[in-house]
Amino acid sequence: DAKTTQPPSMDCAEGRAANLPCNHSTISGNEYVYWYRQIHSQGPQYIIHGLKNNETNEMASLIITEDRKSSTLILPHATLRDTAVYYCIVRKNSGTYKYIFGTGTRLKVLA
Amino acid sequence: EAQVTQNPRYLITVTGKKLTVTCSQNMNHEYMSWYRQDPGLGLRQIYYSMNVEVTDKGDVPEGYKVSRKEKRNFPLILESPSPNQTSLYFCASRPTGSSGANVLTFGAGSRLTVL
């Protein structure tokens, strides 16, 4: 599975959009991009995933570049409760079931 | 409620005293896995299981054992715990299959301290 690179930390003002980047330059054609987040020391929580097209759900939007080498998770109106560590994972959905979470991006939403 | 349940949530033990952290899921998921989380190192996979009686090593399996005798349960066994196994542990499960929507569901975590 492709490796991902994320900035270690980011700040965002409450009510503004939080844009979290992820670089996955070695992604292959059948690998999905997944985002999870972990609030404090709770279990990570699934946010969104995508393959090629941009995706949106009730939590966030996922923008994947046309070459698929990078993506951005967008929290449209960040709240204090969105303060968490966000993990970007790239993996196939078959074959190996190893997951590489890395250290993620620590997002701090400021009042 | 669909969930992954881990027990105990907190445990302090001593070096060499065998312990088991239990994990149970009620979603009929085939796949289950264990992770440990240490400061600065993120989540690292210990073991995973594709189905009953099928287990495989993750990235940091040393010092741990697992078993999968029933679909719903996937206990993590520390035969002789050492202080370097002090960590926060998570169990997770997901369905197998090729749908992109098959995502991991995590338990609440078990904080283990080995003195």
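General remarks:
- When residues in the stretch B:16-45 are screened for being more than 14 Å from every other protein chain (Cβ to nearest Cβ) and open to solvent by 80 Å² or more (accessible area, probe 1.4 Å), 3 of them pass.
- Residue in the stretch B:58-71 that is surrounded by fewer than 18 Cβ atoms within 10 Å (Cβ to Cβ), among the acidic types (D, E) and facing chain A (nearest Cβ under 10 Å) present: yes
- Evaluating B:N51 against the criteria (1) farther than 12 Å from B:L76 by Cα; (2) open to solvent by less than 30 Å² (accessible area, probe 1.4 Å); (3) of a type in the set (S, T, N, Q) leaves one unmet condition, (2).
- Qualifying residue in the stretch A:61-83 (condition: open to solvent by 20 Å² or more (accessible area, probe 1.4 Å), under 19 Å from B:R94 (Cβ atoms) and under 14 Å from the mean Cα position of the chain (by Cα)): no
- Residue match in the stretch B:73-85 (condition: facing chain A (nearest Cβ under 9 Å) and open to solvent by 30 Å² or more (accessible area, probe 1.4 Å)): no
- Selection of the stretch B:51-72 for residues being of a type in the set (D, E) and modelled with pLDDT of 95 or more yields B:E62, B:E70.
- Just one of the listed residues (B:Y48, B:Y10) is in contact (Cβ under 8 Å) with a residue 12 or more places away in the chain, under 10 Å from the mean Cα position of the chain (by Cα) and within 13 Å of chain A (Cβ to nearest Cβ), namely B:Y48.
- The one condition in (1) in contact with a strand residue (DSSP E or B) (Cβ under 7 Å, 6 or more places away or on another chain); (2) open to solvent by 50 Å² or more (accessible area, probe 1.4 Å) that A:E31 fails to fulfil: (2)
- Chain A holds strands (runs of 3 or more DSSP E) entirely within its bounds, and those carrying 2 or more residues that are hydrophobic (A, V, I, L, M, F, W, C) and away from chain B (no Cβ under 11 Å) map to A:9-13, A:18-23, A:61-64, A:70-75, A:84-92, A:105-110.
The values are calculated or read from the model by the stated rules, or taken from the named source; none is laboratory data. The structure displayed is predicted, hence computed values, not measured ones. A quick note on method: Cβ atoms are made from the backbone with ideal geometry, for glycine too, and the neighbour counts reach across all protein chains shown. In case anyone asks, the SASA skips ligands and DNA or RNA and just uses the protein heavy atoms, side chains included. Shrake-Rupley method; radii C 1.70, N 1.55, O 1.52, S 1.80 Å.
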